[in-house]
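Asks: I have a structure here, written as structure tokens, and I will follow up with some questions on it.
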Amino acid sequence: MSNMNALSADEMERFQKLSNTYEPDVQGPLVSRKEPTQSVALEYANADHALSAKTNALAITHPEYRIMKGDGNCGWRAVAFGYFETLFALRDPMRIQREITRFKSLEMLLKQVGHSEHLYEIFTEATEDLFTQTISAIQGGAGDESFLVDAFNNEFASSAVITHFRLLTSSWMRLNPHRYQAFLSLPLEQYCASQIDPLKTEIDEVGLQALVDGVIEGAGFGVEILYLDRSEGDAVTPHQLSPHSPSGATIRLLYRPGHYDLLYPADPNVNMEPIVNYQYAMTSDYSNWNEGPLGFDVDSSLMAIPNLMADPSFAMGTPMSPMPSVSPTPTSPFRMSPQQEMYQSPMQTHAPIPSIPVSSPPPPIPPPSAAPPPMTTLPSRSSDGPQIRLNPLVMKPNLSRSLPVTTPFKNSPYNQAHFQNSDFEPIHWEPHDRR
Amino acid sequence: MDYSMEDTQNSAPDALEASKLSTTAQRSDTQSVTKRLQAELMQLMLSPSPGISAFPDADGNLLSWTATIIGPTETPYEGLTLKLSFAFPNNYPYSPPTVLFKTPIYHPNFDFSGRICLDILKDKWSAVYNVQSVLLSLQSLLGEPNNASPLNAQAAELWDSDQEEFKRHVLARHRDLDEE
């Protein structure tokens, strides 16, 4: 205090002004466009080993992410944006109509805890406006979600939607105190008033769970957090906030202490295409196959497996029904199904590369029945689509970004597991003696 | 001005911060602000709370209001008419209004320039608070000051030690404002 008294009133006033106007210098838009996750990996390239290993692995399993401005609303904004983005990706106006109806009924929560309509109507209207925009974007054939990015970068609209989600969450908590009070260090009422309702207070785990329970889960969307921290392991730690996501759509959050961003898994299109088994067989001149990055000629007659057509599952024509065109893939790459184990980050495979199971995704090949007719001509490509199963990392239309990294390619230079092998020598590409 | 008396973290209003925010947030958002303020005004007129009132200033600018609190009974402020100004930022209700006592007031949580130390007008502001809820909070603060974070330390001390003397200070400081 004696120091402060040494300053003149003018100086004090100047400092007070500076202090009042101080805002942490947070750059960038409220919601960014999609960015390559590789840039997160670069950020941590020289950091702790756990962080660099995890971010490298993350860049492969989730090649894109979206930055949320760290202004105290990032977690709320990430979930709200992810919610609308997922809804848009489903491209189902009827479903959005159902969500509009559901949100109308959620207003009951606000009323029940005593909020008056004249105060919250600007928030509910902003959300409804965004639903309407989403429907028109779908009907107008919008190519991507940039209208949502623009909408969320309008600070007023963004604040209104986030406030709406905050109020729904705190009302939900007040009406279901038994579910949350045990996790709180202060009375629930006080917690809501100080940690949920005020704009620019960061979401914590209890708040996030309540947001998912009260607002998001009713839409049938899953929410998954991937924790990036220094804990043991070579991959980010996933955590499912909702036990099931019937529609298969999942909002994925990347959590770094104090901050949330959105993550996008390897291939959003993987489920829009028939599932085909790459390891099983390549039957014919599959023209979608991108030969460019392969280190060998794709000679379809050589790669065809003679007994393939004897397999009843192929004779059926469409062995797998295509999944609905959901942008976020339904199964998390971290779920411990045997099928997924082998897709996990190649960074995890330093030592036991050879032990990767060679087959697991496809239905087992039935024992060859009597003598199948020798295949003399290549089977023509059926109009039902290619009959090969690629693993999700291979299916990327642009192979250069998610290169084949599993069994068939374990010796490939694209397999990043080699980066940890001191004896590894990359193949040098000579443009002139190719083929 | 006696700055050394202040809790520098909690003292001053956020007018500057709010106006800075508004420059980035502008667009045609004034429409939303106006709509919200009209709704609040309507509510205040349809279901007034005893002892408080508020109305936009006569200049036609809906972003500045004058409010009145009548000192509650059984408090040192009993029967006094206290006038306040509300200045709403362009991004209201996402930032709090700047509220000042225009009537000189002696109180542990208000300073001599009328500034107010109240968490809901700062970091605990939420967009469902409104003119009415702010006035009700201030009204209750008149009878129950928050002496844990005083703006006027002398008043806080006196409130605890000598209510009679406290009331003398209140009356000595009070001066009715002319009707504008």
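Asks: State the number of residues belonging to the stretch A:239-257 that are out of contact with any Gly (no Cβ under 8 Å at 6 or more places or on another chain) and under 17 Å from residue A:75 (Cβ atoms).
Replies: Number of matching residues: 5.
One line per residue, one yes/no per condition, for (1) away from chain B (no Cβ under 13 Å); (2) assigned to a helix (DSSP H, G or I); (3) modelled with pLDDT under 95:
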residue	(1), (2), (3)
A:156	no, yes, yes
A:171	no, yes, no
A:185	yes, no, yes
A:194	no, yes, yes
A:198	no, no, yes
A:201	no, no, yes
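Asks: Just one of the numbered conditions (1) under 26 Å from residue A:30 (Cα atoms); (2) away from chain B (no Cβ under 14 Å); (3) part of a helix (DSSP H, G or I) is not true of residue A:178; which one?
Replies: (1)
Asks: Among the candidates A:89, A:80, which residue alone is at pLDDT 95 or above, more than 14 Å from every other protein chain (Cβ to nearest Cβ) and assigned to a helix (DSSP H, G or I)?
Replies: Working: A:89 fails: at pLDDT 95 or above.
After applying the criteria, what remains is A:80.
Asks: Among the residues of the stretch A:136-154, is there at least one that is within 13 Å of chain B (Cβ to nearest Cβ), free of Cβ contacts under 8 Å to residues at least 12 places away in the same chain and not hydrophobic (A, V, I, L, M, F, W, C)?
Replies: yes
Asks: Within the group A:121, A:125, A:189, which residue is away from every other protein chain (no Cβ under 12 Å) and in a helix (DSSP H, G or I)?
Replies: Working: A:121 fails: away from every other protein chain (no Cβ under 12 Å); A:125 fails: away from every other protein chain (no Cβ under 12 Å).
Of the residues listed, the single one that is away from every other protein chain (no Cβ under 12 Å) and in a helix (DSSP H, G or I) is A:189.
Asks: Here's a follow-up. Output yes when any residue across the stretch A:43-63 is among the acidic types (Asp, Glu) and under 28 Å from residue A:215 (Cα atoms), and no when none is.
Replies: Initial filter on the stretch A:43-63 (among the acidic types (Asp, Glu)): A:43, A:48.
Applying the additional criterion that residues be under 28 Å from residue A:215 (Cα atoms) yields none.
There is no residue in the stretch A:43-63 that is among the acidic types (Asp, Glu) and under 28 Å from residue A:215 (Cα atoms).
Asks: Out of all the residues in the stretch A:118-130, is one or more more than 27 Å from residue A:202 (Cβ to Cβ) and modelled with pLDDT under 95?
Replies: To start, the set of residues in the stretch A:118-130 that are more than 27 Å from residue A:202 (Cβ to Cβ) comprises A:118.
In the following step, the residues that additionally are modelled with pLDDT under 95 were identified as A:118.
Checked the stretch A:118-130: at least one residue is more than 27 Å from residue A:202 (Cβ to Cβ) and modelled with pLDDT under 95.
Asks: Additional query: Within the stretch A:206-248, track down each residue that is farther than 24 Å from residue A:103 by Cβ and over 19 Å from the mean Cα position of the chain (by Cα).
Replies: Within the stretch A:206-248, A:230, A:231, A:232, A:233 meet the criteria.
Asks: How many of the residues in the stretch B:119-157 are more than 20 Å from residue B:56 (Cα to Cα), hydrophobic (A, V, I, L, M, F, W, C) and surrounded by 20 or more Cβ atoms within 10 Å (Cβ to Cβ)?
Replies: Residues flagged as more than 20 Å from residue B:56 (Cα to Cα), hydrophobic (A, V, I, L, M, F, W, C) and surrounded by 20 or more Cβ atoms within 10 Å (Cβ to Cβ) within the stretch B:119-157 amount to 5.
Asks: From the residues in the stretch B:35-84 that are within 14 Å of chain A (Cβ to nearest Cβ) and in a loop (DSSP other than H, G, I, E, B), which one is modelled with the highest pLDDT?
Replies: Of the residues in the stretch B:35-84, the ones within 14 Å of chain A (Cβ to nearest Cβ) are B:35-47, B:49.
Remaining after also requiring in a loop (DSSP other than H, G, I, E, B): B:47, B:49.
Values: B:47: 89, B:49: 92.
By that ranking, first place goes to B:49.
Asks: For residue A:96, are the conditions met, namely being away from chain B (no Cβ under 14 Å), surrounded by 14 or more Cβ atoms within 10 Å (Cβ to Cβ), among the β-branched types (Val, Ile, Thr) and over 25 Å from residue A:27 (Cβ atoms)? Steps first, answer last, please.
Replies: Values: away from chain B (no Cβ under 14 Å): yes; surrounded by 14 or more Cβ atoms within 10 Å (Cβ to Cβ): yes; among the β-branched types (Val, Ile, Thr): yes; over 25 Å from residue A:27 (Cβ atoms): yes.
In short, yes.
Asks: Also, quick follow-up: Just checking, does the stretch A:44-59 include any residue being under 22 Å from residue A:130 (Cα atoms) and either touching a strand residue (DSSP E or B) at 6+ places or on another chain (Cβ under 7 Å) or of a type in the set (Asp, Glu) (or both)? Give the derivation first.
Replies: To start, the set of residues in the stretch A:44-59 that are under 22 Å from residue A:130 (Cα atoms) comprises none.
There is no residue in the stretch A:44-59 that is under 22 Å from residue A:130 (Cα atoms) and either touching a strand residue (DSSP E or B) at 6+ places or on another chain (Cβ under 7 Å) or of a type in the set (Asp, Glu) (or both).
Asks: Oh, and also: Mind checking which pairs have a first residue in the stretch A:63-78 that is at negative phi and a second that is buried (at least 20 other Cβ atoms within 10 Å of the Cβ) and among the acidic types (Asp, Glu), Cβ under 8 Å, 6 or more apart or different chains?
Replies: Qualifying pairs under 8 Å: A:65/A:261; A:66/A:261; A:67/A:261; A:68/A:261; A:74/A:261; A:78/A:261.
Condition check ((1) in a loop (DSSP other than H, G, I, E, B); (2) more than 14 Å from chain A (Cβ to nearest Cβ); (3) within 13 Å of the chain's Cα centre (by Cα); (4) of a type in the set (S, T, N, Q)) across all residues:
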position: B:127; (1), (2), (3), (4): yes, no, no, no
position: B:134; (1), (2), (3), (4): no, no, yes, no
position: B:137; (1), (2), (3), (4): no, no, yes, yes
position: B:157; (1), (2), (3), (4): no, yes, no, no
position: B:165; (1), (2), (3), (4): no, yes, no, no
position: B:169; (1), (2), (3), (4): no, yes, no, no
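Asks: In addition: Does the stretch B:100-125 hold any residues that are hydroxyl-bearing (Ser, Thr, Tyr) and within 13 Å of chain A (Cβ to nearest Cβ), and which are they? Steps first, please.
Replies: First pass over the stretch B:100-125, keeping only residues hydroxyl-bearing (Ser, Thr, Tyr): B:103, B:106, B:113.
Answer for the stretch B:100-125, where residues must be hydroxyl-bearing (Ser, Thr, Tyr) and within 13 Å of chain A (Cβ to nearest Cβ): just B:113.
Asks: Report yes if some residue within the stretch A:100-108 is surrounded by fewer than 15 Cβ atoms within 10 Å (Cβ to Cβ) and outside any helix (DSSP H, G or I); otherwise report no.
Replies: Within the stretch A:100-108, none of the residues are surrounded by fewer than 15 Cβ atoms within 10 Å (Cβ to Cβ) and outside any helix (DSSP H, G or I).
The values are calculated or read from the model by the stated rules, or taken from the named source; none is laboratory data. Just so it is clear, the model here is predicted, and its values are computed rather than measured. With ideal geometry, Cβ positions are generated from the backbone for all residues, glycine too; neighbour counts draw on all protein chains shown.
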